[in-house]
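J.: Once you've had a glance at the structure underneath, I'll fire off some questions.
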């Protein structure tokens, strides 16, 4: 059982800020496409978790590519009294949430993800080229490695402007 004491929100009013962050979608390399094709044809025996399925998803993602690799993602901050509520797109990894929380005075905030737009996983840069399931290139993980840091930076700046604290 978590033992905590509830803390009242102080201050008055509600302030809202919505910004859009320019992000970019990744594309598969020729080597990734060739590898996926070989896995599906049976030429390569892939024993990785979800190996064949991830190959299918990568090829499907590339087949549906419309050539538009740029996307605007919404970052919204609502401040109720002195409590910032960060509203972020996609499913951001917890390390990004910790960066936001660490920037808040008193480390008090609310972080809501999968909000305003559904754009899949937003993983940390070190996972992007790994075999970890949510980090493999497909429709639900197509954003470049710098996306999470861009969203965090925008969110912190927006909150700092609304509340008046140093970032």
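The values are calculated or read from the model by the stated rules, or taken from the named source; none is laboratory data. Treat the numbers as computed from the prediction; the structure is a model and nothing was measured. In this analysis, Cβ positions are derived from the backbone assuming ideal geometry, glycine residues included, and neighbour counts consider all displayed protein chains.
J.: I'd like to check something: does the stretch 153-162 contain any residue that is in a helix (DSSP H, G or I), within 19 Å of residue 25 (Cβ to Cβ), out of contact with any helix residue (DSSP H, G or I) (no Cβ under 9 Å at 6 or more places or on another chain) and modelled with pLDDT of 90 or more? Give the derivation first.
T.: First pass over the stretch 153-162, keeping only residues in a helix (DSSP H, G or I): 153-162.
In the following step, the residues that additionally are within 19 Å of residue 25 (Cβ to Cβ) were identified as 154.
Retained after the next criterion (residues that are out of contact with any helix residue (DSSP H, G or I) (no Cβ under 9 Å at 6 or more places or on another chain)): 154.
Narrowing further to those that are modelled with pLDDT of 90 or more: 154.
Taking every residue of the stretch 153-162 in turn, at least one turns out to be in a helix (DSSP H, G or I), within 19 Å of residue 25 (Cβ to Cβ), out of contact with any helix residue (DSSP H, G or I) (no Cβ under 9 Å at 6 or more places or on another chain) and modelled with pLDDT of 90 or more.
J.: Now for a different question. What are the residues in the stretch 27-45 that are buried (at least 17 other Cβ atoms within 10 Å of the Cβ) and part of a loop (DSSP other than H, G, I, E, B), if any?
T.: Selection gives 28 alone.
J.: Next up: Out of the residues in the stretch 46-66 that are surrounded by 10 or more Cβ atoms within 10 Å (Cβ to Cβ) and outside any helix (DSSP H, G or I), which is modelled with the highest pLDDT?
T.: Filtering the stretch 46-66 down to residues surrounded by 10 or more Cβ atoms within 10 Å (Cβ to Cβ) leaves 46, 48-62, 65.
Now drop any that are not outside any helix (DSSP H, G or I), which leaves 46, 48-50, 65.
Numbers: 46: 76, 48: 67, 49: 60, 50: 67, 65: 83.
The selected residue is 65.
J.: Would you check which residues across the stretch 82-114 are assigned to a loop (DSSP other than H, G, I, E, B) and surrounded by 14 or more Cβ atoms within 10 Å (Cβ to Cβ) and list them? Don't jump to the end; show me each part of the working.
T.: So in the stretch 82-114, the residues assigned to a loop (DSSP other than H, G, I, E, B) come out as 82, 88-90, 93, 104, 108-109, 113-114.
Within the stretch 82-114, 82, 88, 89, 90, 93, 104, 109, 113, 114 meet the criteria.
J.: For the stretch 115-150, name all the residues that are within 14 Å of residue 91 (Cα to Cα) and outside any loop (DSSP other than H, G, I, E, B).
T.: Within the stretch 115-150, 121, 122, 133, 134, 135, 141, 143, 147, 148, 149 qualify.
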